[in-house]
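Worksheet: one structure, shown below.
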Amino acid sequence: MKTLSYLALFLLGLGLTACSSNEQHLNEHHPETVEKSPVKLEAAPEEGHEGHHHEDWSYQGETGPEHWAELEKTSDCGGMHQSPINIVEYKTDETLPPLDIQYADQTVLHDVVNNGHSIQYDFEEGDYIVLEGEKYYLKQFHFHEPSEHTIEGVRYPLEMHLVHANKEGDIAVLAVMAKEGGQSAPFDFLEAYLPLEPGAKKEIGKPFDMNLNLPKDRSYYHYTGSLTTPPCSENVQWYVFKTPIDISLKQAKVLEENMPVHNYRNEQPVNDRIVKASPNF
Ligand SMILES: [Zn+2]
């Protein structure tokens, strides 16, 4: 725990950043494209067609998070309702219901890809959550190291984003923090498919119970924000679990070695938004 905490504190000062480009495609109603050519998602295809080469965004230097709004001119990255945020001022809302999570133990994990920005696992259709009577299907999950959201200023060693979309392409993300602790059996399964070079993909084709990656305590923070990678599209429903899960230091290091250095976007202003906290479940 000490090593990771130190690392996280150190990173705070660097101001580096992100969400996966799959989220971008989900927003464009083309989730199927994601599975077939995950690497191409990173570039902005529209601009490529016009002939001027456009440098890809990244987490460092001149293409880092501080420059996304200018790099990606048609994006929402300069918007007023962006993610991630530091969750520090919030109102407990006793009327917020427990999350209706319908994850089955036999949903098939289709593949894993290193998309150059994160390690991402893509699901076949099966798992979903229900928000206000509507189904949002789990498409993929991926990692940020260290975490993007901070809770009362605390940056966790790892944050997992479980990306869901409804039939209209509206997006809801469950965010699960991980801290260093005991070894996680589901992470052993997931990491058996690593390492992966940037751009590489491996088929999995095996069932995976995503419930195993959720904390037992399902209390959460909720707010409306954005994708944390370009195009930073807004109106994403965020549900950040208050309680982290445990993974071992070794498991954190395996992920770290497979991802770009410090793939997190810097904290965004809350502006006029109100962050709500659920009661304890
Ligand atoms: Zn993400």
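Just so you know, all these numbers are worked out from the coordinates, no wet-lab data involved. Just so it is clear, the structure is predicted and the values come from calculations on it, not from any experiment. Here Cβ is always computed from backbone atoms with ideal geometry, including for glycine, and neighbour counts include all displayed protein chains.
Annotations
- Selection of GluC sites (Glu not before Pro), region 66-147, meeting DSSP coil and at most 12 other Cβ within 10 Å: E89, E94, E132
- Cα gyration tensor shape for region 57-137, rounded if a/c is under 1.5, else prolate or oblate: oblate
- In terms of its alpha-carbon gyration tensor, region 104-245 comes out rounded; the largest-to-smallest axis ratio a/c stays below the 1.5 threshold.
- Radius 14 Å from Cβ of S184, net charge of other residues (Lys, Arg +1; Asp, Glu -1): -1
- Neighbours of E134, meaning other residues whose beta-carbon lies under 10 angstrom from its beta-carbon, give a summed charge of -1 when Lys and Arg score +1 and Asp and Glu score -1.
- D105 sits among other residues whose Cβ lies under 13 Å from its own Cβ, and their net charge, with Lys and Arg +1 and Asp and Glu -1, is -1.
- Distance (nanometres) between label positions extended 7 Å along Cα→Cβ at N211 and Q183: 2.4
- Hypothetical label at Q102: residues of region 206-224 whose amide nitrogen lies under 16 Å (7 Å Cα-Cβ projection): 210-211
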